[in-house]
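Reviewing the structure listed below.
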Amino acid sequence: MNIYRRYFLAAVAALSLAACEQPATTARDSIAATVGGDAIGEVELGRAVARLGELNAAESAQARGRVLEALIDQHLVSQAAKKARLEQTPEVALAMQQAQRQVLVEAYMERLFKDMAQPADTEIQDYYAKHPELFAQRKVYRIQELELQLAPARVAEVEAQLKQSRTLAEFADWLRAQGIAGKTGAAVKPAEQIAAPMLAQLINMKDGQVVVVPMGGNRVSVLQLQGSQAQPVTLEQARAAIERVVLSEKRKTLLEAEIGKLRASEKVVYASGFAPSSQTGKP
């Protein structure tokens with residue numbers, strides 16, 4: 001693939017959402033090029049170049065011209081699509097509506113989180129203290145996993161058979177005889193890379209021990225701990241990661257509260273057969 005085509009594809013990918021609803025070029029936005037009746041402003045060009053990543057002055061100057069040509073191609077293709085009335089086809093119209101909503105959602109979230117303060121030292125210290133399995137008592141685990149597709153009602157049966165089996169191979173033979181699909185794998189992972197339900201089991205297991213862990217839905221993992229090694233992390237080493245996690249959790253809480261207010265302020269009417277059940281709650 002030549003470099004010109006690469007810039008074209010990068011521009012298309014980076015601007016695909018914005019292309020659904022292009023804002024008019026303002027009077028203060030200098031025009032870089034005009035394609036048919038559409039103007040490409042310097043602001044649009046600058047944002048497209050910025051999406052390519054960090055560039056030095058020479059690379060930025062070189063990219064600027066190539067990205068402009070890619071944007072011209074994008075506008076030409078977009079205009080051709082409009083002439084072919086493709087935006088009126090149901091699948092394209094729906095995709096454009098969804099893309100526009102996503103852009104608005106991201107803009108709303110950016111404004112919602114704009115003034116959120118960074119986590120305080122006390123919050124970081126509290127998170128560190130409450131999660132010793134990730135920090136002060138962190139381990140690297142060597143595990144053998146058998147991932148099953150299994151109805152929740154059969155978990156107890158599988159656990160009982162696992163206790164009766166002398167080896168994992170014998171247990172796997174029983175699973176095959178029962179028609180239970182599964183796949184095996186081995187991994188060496190630090191605590192922070194292990195799913196919470198698995199880690200909750202592993203921290204209390206002894207080498208060689210096997211346990212059944214429901215993972216939600218029809219997913220069940222059969223884990224054997226083959227070994228572990230202590231690799232603790234200090235508060236200072238973990239500070240940056242904890243900041244990100246705490247900030248993410250605070251944003252999630254704020255967003256859920258905001259969505260709750262929005263749901264309370266607007267009437268939502270479900271068509272017959274689409275209302276959530278009392279067990280599943282809201283979508």
Among residues other than Glu145 whose Cβ falls under 15 Å from its Cβ, what is the net charge (Lys/Arg +1, Asp/Glu -1)? +3
Among Ala177, Val92, Ala200, the residue whose Cα sits farthest towards the positive end of the charge dipole of the stretch 47-200, when +1 is placed on the Cβ of each Lys and Arg and -1 on the Cβ of each Asp and Glu, is Val92
With charges only on Cβ, +1 for K and R and -1 for D and E, what is the dipole size of the chain about its Cα centre, in debye, rounded to 20? 460
If you build the Cα gyration tensor of the stretch 174-223 and take the root of 5 times each eigenvalue, what three semi-axes come out, in whole angstrom, biggest first? 21, 13, 11
Nearest-ten-degree value, helix 168-177 long axis tilted from longest Cα axis of the chain: 70
Please find, in a Gaussian network model of the chain (springs between Cα atoms separated by less than 10 Å), the residue of Pro90, Pro190, Pro119 whose mean-square fluctuation is greatest. Pro90
Per its Cα gyration tensor (rounded if a/c is under 1.5, else prolate when a/b beats b/c, else oblate), the stretch 224-283 is best filed as oblate
Against the 2.2 N^0.38 Å scaling, with N counting residues, where does the chain land? I'd like the Cα-based Rg ratio to two decimal places. 1.43
Which order do Leu150, Leu235 take when ranked by solvent-accessible area (1.4 Å probe, heavy atoms of all protein chains), largest first? Leu235, Leu150
In the stretch 62-218, if the dipole is taken from +1 on Lys/Arg beta carbons and -1 on Asp/Glu beta carbons about the Cα centre, which of Ala80, Leu146, Ala160 is farthest to the positive end? Ala80
Would you mind finding the longest exposed-site-free stretch of the chain, with exposed GluC sites (Glu not before Pro) meaning DSSP loop and at most 14 other Cβ atoms within 10 Å? 55-265
What angle, in degrees between 0 and 90 and rounded to the nearest 10, separates the Cα long axis of helix 90-113 from the longest principal axis of the Cα atoms of the chain? 80
Can you give the angle from 0 to 90° between the axis of helix 235-265 and the longest principal axis of the chain, with both taken from C-alpha atoms, to the nearest 10? 70
Within the stretch 176-210, the residues whose backbone N lies under 12 Å from a label point placed 7 Å from the Cα of Lys130 along the Cα-to-Cβ direction are none
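The values are calculated or read from the model by the stated rules, or taken from the named source; none is laboratory data. Given the structure is predicted, the values throughout are model-derived calculations rather than measurements. Cβ coordinates were reconstructed from backbone atoms using ideal geometry, including for glycine residues, and neighbour counts include every protein chain displayed. Quick note on the areas: whole protein, heavy atoms, side chains included, nothing else; ligands and nucleic acids left out. Shrake-Rupley method; radii C 1.70, N 1.55, O 1.52, S 1.80 Å.
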